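The values are calculated or read from the model by the stated rules, or taken from the named source; none is laboratory data. None of the values given here were measured: they were computed from a predicted structure. Reconstructed Cβ throughout: ideal geometry from the backbone, glycine too, with neighbour counts over all protein chains shown. Quick note on the areas: whole protein, heavy atoms, side chains included, nothing else; ligands and nucleic acids left out. Shrake-Rupley method; radii C 1.70, N 1.55, O 1.52, S 1.80 Å.
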Amino acid sequence: MACEQVTLQDVCELIVDCPHTSAKDEGVGYPLIRTPNVGRGRLILTDVHRVSQDVYERRVSRAVPRQGDLILAREAPAGNVAIVSPGIEVCLGQRTMLLRPDSSFVVPEYLNYYLNAPEQRDRMLRLANGATVSHINVADIRNMPVQLPSRGEQSKVAELLNVLDDKIDLNNRLNDYLADFASTVFQNQASHIEERIALFDIADIKYGKGLAKNELVEDGYPVFGGNGQIGFYSKYLYEEPQILISCRGAASGKVLVSLPKSFITSNSLIIELKDRRYYEYLKQYFMLHQLYDYATGSAQPQITIDGLRHLTVPYPPFDLIKTLTNQLKAISDCIYSNDIENQALSRLRDTLLPKLMSGEIDVSKVDLTQLTNNHLADY
């Protein structure tokens, strides 16, 4: 695949830095894209902060983000790039940057995948500087080298990889619907329970284990930190999924659930149930009743085991537990199946990405349907 070497500013109509001011979350309005919302390839709008019309207009005075624009995270996670999808209006939060590809030179979806490929991400991370928090300078991004194949080849690469990402998005949306359905089932069945019991009577609360970032590996058992999965490790702590409480930092009090055979870091507390038959019930209860109010400390919020000593939960009769478990487990199994498929699709995409970019795989000869089916058959 013959490529022309240019710089990023050569193939972009605009490269615009964000406003260097913060904006508070107003709960409703336009999505404010902060660095946690910049995923590898696509925006993450779950729990996105929102701002009013006035704030939005001030933050888009340099450029109004539009379909096909790219948003780059300059810090934490430095180097992530995501494309603006059709039908959404967003504005830039702090430590982000907007790139507007010139479609006469480059297919925006291709540039999005190109910048997220391992070689380019490594280059951006090498450019990042800062003693405590790595950040990327605007000038370095402007001068970043880009290798472009023909527009026809760009379109084919983007089309192939978009099929995988579209399926991942579809599974994620389906899981959102299933999670809402589980919430409805739970509230219909369990909202009337009056008897309560101390959490410590039915569970032991433990900290996860310490794990350094350099101990994470490319593949293995999923590792859960205080805000979700952060990578993989060669060992796991728990055979079965666990209910977790983020216990350090801004996410303190967030409740999440690990996958089977997972490693849990010390940024989470683990609710070890004495009777696993209560798992589906308590998982759903805590997903609906987050524990942010139990966090203490303004500079560095945290939740301790002692801080949960007086926490009580509704205590239903066991016949209701059995009914709820049957209903909720069926939903959970569907969600888990979609998550496993997404992991397989993500691995396939990440394997294909550098090979397609380098020309090692001839895009004209790829049958993605057959490739996808063969790959997923292993899972």
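At the listed q of 0.16 Å⁻¹, the Debye profile of the range 1-44, built from one uniform point per Cα, gives log10 I(q)/I(0) equal to -0.71. For the chain, a crude dipole built from +1 on the beta carbon of Lys and Arg and -1 on the beta carbon of Asp and Glu, taken about the Cα centre, is about 680 debye to the nearest 20. Listed cross-link partners Lys283/Lys355; Lys167/Lys206; Lys24/Lys167; Lys261/Lys322; Lys213/Lys329; Lys167/Lys329 are compared with a 30 Å cut-off, the Cα-Cα value being larger for Lys283/Lys355; Lys167/Lys206; Lys24/Lys167; Lys213/Lys329. Computing Rg and the Kirkwood Rh from the Cα coordinates of the chain gives a ratio, Rg/Rh, of 0.99.
Between Asp10 and Gln67, the FRET efficiency estimated from the beta carbon spacing at R0 = 30 angstrom works out to 0.85. Scaling the Cα radius of gyration of the range 65-202 by the globular reference 2.2 N^0.38 Å produces a ratio of 1.49.
Within the range 1-146, DSSP assigns beta bridges of which about 85% are antiparallel (rounded to the nearest 5). Loop-located trypsin sites (Lys or Arg not before Pro) across the range 308-370 with a Cβ neighbour count of 16 or fewer within 10 Å are Arg309, with loop assigned by DSSP. For the range 185-237, the alpha-carbon coordinates run over 47, 25, 16 Å along the three principal axes, in decreasing order. Label positions at Asp275 and Arg151, each projected 7 Å from the Cα along the C-beta direction, are separated by 6.7 nm.
By the helix-only formula, in which each DSSP H run with n ≥ 4 contributes -39500 (n - 2.57) and the sum is divided by residues, the chain has a 222 nm mean residue ellipticity of -11500 deg cm²/dmol. In the range 1-99, the ratio of gyration radius to Kirkwood radius, Rg to Rh, stands at 0.99 when only Cα atoms are counted. Based on the convex hull around the alpha carbon atoms, the range 214-340 presents an average projected area of 8.7 nm².
Leaving out ligands, DNA and RNA, what percent of the accessible area of the range 1-66 is carbon and sulfur, probe 1.4 Å? Carbon-and-sulfur percentage of accessible area, whole number: 46. Distance between the 7 Å Cα→Cβ label points at Arg142 and Asp102: 1.5 nm. Label sites at Asp166 and Asp204, each approximated as a point 7 angstrom past Cα along Cα to Cβ, lie 5.0 nm apart. Applying the Karplus relation 6.51 cos²θ - 1.76 cosθ + 1.60 with θ = phi - 60° to the range 103-109 yields 3J(HN,Hα) values of 5, 6, 10, 9, 7, x, 5 Hz, where x marks Gly and Pro. FRET efficiency for the pair Gln94 and Lys322, taken as 1/(1 + (r/R0)^6) with r the Cβ-Cβ distance and R0 = 51 Å, rounds to 0.55. Using a cutoff of 8 angstrom between alpha carbon atoms and counting only pairs six or more residues apart, the relative contact order for the chain works out to 15 percent.
Do any GluC sites (Glu not before Pro) in the range 211-242 lie in a loop, going by DSSP, with at most 15 other beta-carbon atoms within 10 Å of their beta carbon, and if so which?
Here the sparse-neighbourhood loop sites are Glu218, Glu239.
For Ala299 and Asn214, the FRET efficiency from 1/(1 + (r/R0)^6), where r spans their Cβ atoms and R0 equals 45 Å, is about 0.95.
Amide H contacts under 5 Å for Val223: Ile230, Gly231, Phe232, Tyr233, Phe263, restricted to partners 5 or more places along the chain or on a different chain, H placed in the peptide plane at 1.01 Å from N. Net length available on complete extension from Leu288 to Thr351 is 19.0 nm, with 0.36 nm assigned per residue and the Cα-Cα distance removed.
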